[in-house]
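Here is the structure we will look at.
The values are calculated or read from the model by the stated rules, or taken from the named source; none is laboratory data. This one's a predicted model, so the numbers in the text were calculated from it and none came from an experiment. FYI the Cβ positions are ideal-geometry reconstructions off the backbone, even for glycines, and counts take in every protein chain you see.
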């Protein structure tokens, strides 16, 4: 099976640009001095070992004015290269949103309002190995880093932090144990919660998972009202071998999102559309283990999610007030 991966030079340039940006002469913001994820991508394995989520803070160093100007010029060049590399991964296969279904679009009122107001934004990507980035060729290509790069290109003056709180092998029971410290205590403006895949693979009761997720959502909402988007299991050979359980999980997570008035990113349906309607071979977005996404899969997932955040900011700017009980994300 094959996967689409960017050249190593592109990954090096992306990392170099991120490092140089924290050295610009303007007052550094939290997003400019904070990396979204620095844990190296693990080696391929059928059962990736859990790894603690991490964040690295890079301190801006003082430079004489002349050196600062030189660094700024080089940083601008690197940013242009990074922006180009973001599109390079889609040069052979474009990332297209699913077609043929009605869109009931709501908004992300909390995070969108803060972006419009120019206030700092903190997003927590909470989940398991596909949040941590297992299958990506490097940390730059996991979905939280892709999402962060997209939002920073769209809002270059914004202070945007995306924290990768993905731990391989976990599902709702394990995630609930770290919900307080790694999500609620961070005081996020948005939580993207990817959950359910490992429960399907372990033949756990989808109903039990749904109850835990609903309890977790209630705790997040009570703590500060962050926007929440659930991400259901991926469409992949390993998940499809448990079709009945996967179907129940997808349906129940959608029901929880509806009842709790939060967003849902229907990853299973989006990925199935790639294969069945867009005729993209499964091995073009899933690695050889038949479960985890590759660079292209993570990139398109992040692109579609980022597009919805950007769209929500546009709604706020236009004065469109979407009722709170309208679900946030509905791409189908």
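Which condition breaks for residue 277 when tested against (1) out of contact with any helix residue (DSSP H, G or I) (no Cβ under 6 Å at 6 or more places or on another chain); (2) in contact (Cβ under 8 Å) with a residue 60 or more places away in the chain; (3) closer than 30 Å to residue 114 by Cβ?
(3)
Quick one: in the stretch 108-126, which of the residues that are assigned to a helix (DSSP H, G or I) and out of contact with any helix residue (DSSP H, G or I) (no Cβ under 8 Å at 6 or more places or on another chain) is surrounded by the fewest Cβ atoms within 10 Å (Cβ to Cβ)?
My answer is 110.
Being touching a helix residue (DSSP H, G or I) at 6+ places or on another chain (Cβ under 6 Å), at pLDDT 95 or above and more than 13 Å from residue 265 (Cβ to Cβ): is that true of residue 313 here?
On the way: touching a helix residue (DSSP H, G or I) at 6+ places or on another chain (Cβ under 6 Å): yes; at pLDDT 95 or above: no; more than 13 Å from residue 265 (Cβ to Cβ): yes.
Answer is no for this residue.
Within the stretch 188-204, identify whether any single residue is touching a strand residue (DSSP E or B) at 6+ places or on another chain (Cβ under 9 Å) and either at positive phi or at pLDDT below 95 (or both), and answer yes or no.
The answer is yes, given that some residue of the stretch 188-204 is touching a strand residue (DSSP E or B) at 6+ places or on another chain (Cβ under 9 Å) and either at positive phi or at pLDDT below 95 (or both).
Mind listing just one residue for me: the one in the stretch 134-165 that is over 19 Å from residue 311 (Cα atoms) and under 10 Å from the mean Cα position of the chain (by Cα) and, of those, surrounded by the most Cβ atoms within 10 Å (Cβ to Cβ)?
142
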